[in-house]
Amino acid sequence: MKNERQSLILKRGKEASLMRRHPWVFSGAIKETGNEQIPDGTMVDIYSHNGEFLGMGHYQSGTSIAVRILSFTPSDEKSLFRKRIQSAWEYRKRIGIAENPNTNVFRLIFAEGDGLSGLVVDYYNGAAVLQAHSMGMYLSRSLIAETISEVLGKRLKAVYDKSKETLHVRHGDVENRYILGSAEESGVVMENGRQFIVNWVTGQKTGFFIDQRENRTMVGKYSSGKRVLNTFCYTGGFSVYAGSCNAREVHSVDSSKAALTIAEENMQLNKITNYENFTADVFDYLQSCGEYDMIILDPPAFAKRLNARHQAVIGYKRLNSAAIKKITPGGILFTFSCSQTVARRLFQDTVIASAIEAGRNIRIMHWLSQPKDHPVDIYHPEGEYLKGLAAYVE
Ligand code: SAH
């Protein structure tokens, strides 16, 4: 059931960030009205203390972001979603990511980057997997699914709602399920001509780490003839690229047996033979393994909250230093951080500190980031979350 639209007034002076088009309203900015509590997920119109319309968006209590702005001009909900989804699809067609004969997996909607704060939708060769990060998006899921279907036409066969893991609110009846059409629970998708099995029902996040597509290509470019170690490999994304670009040998490590089972199938699907998979904790593995010519470090977010940032930096330092010690002179380190609270500069300094600790000199070859289907809204720089470095290890 959708809630009726309501209005909210901000405290004096709290309109500044909205005037700069930043799409978040923090709970402390809202003026107490004495009115009844607004239900979570309600669409609210925001006004300044002197009655000026500032924007509209989804309300949520109990989180620091009280309103996620969806538009800075007034609109009805239906036309707003239509406009945003149409624009997201148009963008991906124009930049050559949708309707690409070699790639049929991409992020269709990237939250603030597509003007839809709180919503992520990934496209897997006809199946769209939706994750609502706000109650407002969750309550709008049917409208979103219908609109995606209208915009994509025959290219869409099903929409699977996988919000149970992302909706951090008390809401009893959230179940993952198809909300439009249906599909096999897993499918084979193609990324830059490589095939991957993706299971969006049982897999992590929406099923596949689409955000590493361009970095996987980069890894491929340096793989020929090398002994490659891919850590935190999940279903073997980087391993498939290394193997198909003539790596001498590819070792993949992950603590999840389920992920490695698919990684094994993905290597076979792409006809790669010179590989081995290890179910292990990466920190333990790096203590006892031999040397490699190239090591990839793509850990999960170490710092989800700001107060965990210090711990995260310690984690990145320990990990990077252990890996650098295992790289043969003249080898390459690919290292990533997807922690939103660890900024690029801090991450780079941490990798430098790791090299110093390992007693090795490194040279930075590439600064890496997220691909173009994860665009960053210039008024919401927080949207840049994936940071990476390729470094030459002397
Ligand atoms: N590089 C992958 C995505 C990595 S996601 C790709 O391109 O698809 C992070 C992975 O790290 C998950 O598969 C998770 O199971 C694994 N993981 C988390 N902590 C780990 C640890 N301590 N040791 C080994 N694997 C770990």
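The values are calculated or read from the model by the stated rules, or taken from the named source; none is laboratory data. Just so we're clear, the structure is a prediction, and the values are computed from it rather than from any experiment. Every residue, glycine as well, gets a Cβ built from its backbone with ideal geometry; the counts of neighbours run over all protein chains shown.
Does segment 228-251 hold any residues that are closer than 13 Å to residue 274 by Cβ, more than 9 Å from the ligand (Cβ to nearest atom) and surrounded by 24 or more Cβ atoms within 10 Å (Cβ to Cβ), and which are they?
Passing the criteria: 228, 240, 242, 243, 247, 250.
For the list (1) in contact with a strand residue (DSSP E or B) (Cβ under 7 Å, 6 or more places away or on another chain); (2) within 12 Å of the ligand (Cβ to nearest atom), I need the number of the one condition that residue 300 fails.
Just one mismatch for residue 300, condition (1).
Would you check which residues across segment 316-338 are of a type in the set (A, V, I, L, M, F, W, C), free of Cβ contacts under 8 Å to residues at least 60 places away in the same chain and more than 25 Å from residue 384 (Cα to Cα) and list them?
Answer for segment 316-338, where residues must be of a type in the set (A, V, I, L, M, F, W, C), free of Cβ contacts under 8 Å to residues at least 60 places away in the same chain and more than 25 Å from residue 384 (Cα to Cα): just 322.
Got at least one residue in segment 113-125 being under 15 Å from residue 371 (Cβ atoms), of a type in the set (Ser, Thr, Tyr) and part of a strand (DSSP E or B)?
So far as segment 113-125 goes, yes, one or more of its residues are under 15 Å from residue 371 (Cβ atoms), of a type in the set (Ser, Thr, Tyr) and part of a strand (DSSP E or B).
Quick one: would you say residue 321 is surrounded by fewer than 18 Cβ atoms within 10 Å (Cβ to Cβ) and small (Gly, Ala, Ser)?
No.
Go through the residues of segment 384-394 one by one and say whether even a single one is in the same structural domain as residue 298 (by TED's automatic domain parsing), of a type in the set (A, V, I, L, M) and surrounded by fewer than 18 Cβ atoms within 10 Å (Cβ to Cβ).
No, segment 384-394 has no match at all.
From the list 203, 153, exactly one residue is within 16 Å of the ligand (Cβ to nearest atom), out of contact with any strand residue (DSSP E or B) (no Cβ under 7 Å at 6 or more places or on another chain) and of a type in the set (Gly, Ala, Ser). Which is it?
On inspection, the qualifying residue turns out to be 203.
Filter segment 313-328 down to the residues that are assigned to a helix (DSSP H, G or I) and under 15 Å from residue 392 (Cα atoms), then identify the one that is nearest to the chain's Cα centre (by Cα).
Going through the qualifying residues, I end up with 320.
How about segment 252-277: which of its residues are farther than 24 Å from residue 200 by Cβ and buried (at least 16 other Cβ atoms within 10 Å of the Cβ)?
Hit for segment 252-277 is 275, nothing else.
Just a yes or no: is a residue in segment 282-291 outside any helix (DSSP H, G or I), under 23 Å from residue 236 (Cβ atoms) and away from the ligand (no atom under 14 Å from the Cβ)?
Scanning segment 282-291, I find at least one residue that is outside any helix (DSSP H, G or I), under 23 Å from residue 236 (Cβ atoms) and away from the ligand (no atom under 14 Å from the Cβ), so the answer is yes.
If you check every pair at least six apart or on different chains, which have Cβ atoms under 9 Å apart with a residue in segment 254-283 that is in the same structural domain as residue 238 (by TED's automatic domain parsing) and more than 20 Å from residue 227 (Cα to Cα) first and a residue that is within 10 Å of the ligand (Cβ to nearest atom) and among the charged types (D, E, K, R) second?
Close Cβ pairs satisfying both conditions: 255/281.
Every residue in segment 190-212 that is over 17 Å from residue 295 (Cα atoms) and within 16 Å of the chain's Cα centre (by Cα), please.
198, 200, 203, 204, 205, 206, 207, 208, 209, 210, 211
Residues are listed down the side, and each one gets a yes or a no for (1) modelled with pLDDT under 95; (2) part of a helix (DSSP H, G or I); (3) among the aromatic types (Phe, Trp, Tyr); (4) within 16 Å of the ligand (Cβ to nearest atom):
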{"residue": "296", "(1), (2), (3), (4)": "no, no, no, yes"}
{"residue": "304", "(1), (2), (3), (4)": "yes, no, no, yes"}
{"residue": "330", "(1), (2), (3), (4)": "no, no, no, no"}
{"residue": "335", "(1), (2), (3), (4)": "no, no, no, yes"}
{"residue": "352", "(1), (2), (3), (4)": "no, yes, no, no"}
{"residue": "364", "(1), (2), (3), (4)": "no, no, no, no"}
{"residue": "379", "(1), (2), (3), (4)": "no, no, yes, no"}
{"residue": "385", "(1), (2), (3), (4)": "no, no, yes, yes"}
{"residue": "390", "(1), (2), (3), (4)": "no, no, no, yes"}
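What are the pairs with Cβ atoms under 6 angstrom where one residue, in segment 185-206, is more than 23 Å from residue 272 (Cβ to Cβ) and in contact (Cβ under 8 Å) with a residue 40 or more places away in the chain and the other, located anywhere, is within 12 Å of the ligand (Cβ to nearest atom) and assigned to a loop (DSSP other than H, G, I, E, B)? Sequence gap at least six, or different chains.
200/206; 200/207
Pick from segment 126-142 the residues that are small (Gly, Ala, Ser) and not in a strand (DSSP E or B): which of them is nearest to residue 58 (Cα to Cα)?
The extreme case among them is 136.
Does residue 341 count as within 23 Å of residue 226 (Cβ to Cβ) and either under 22 Å from the mean Cα position of the chain (by Cα) or without any contact (Cβ under 8 Å) to a residue 12 or more places away in the chain (or both)?
No.
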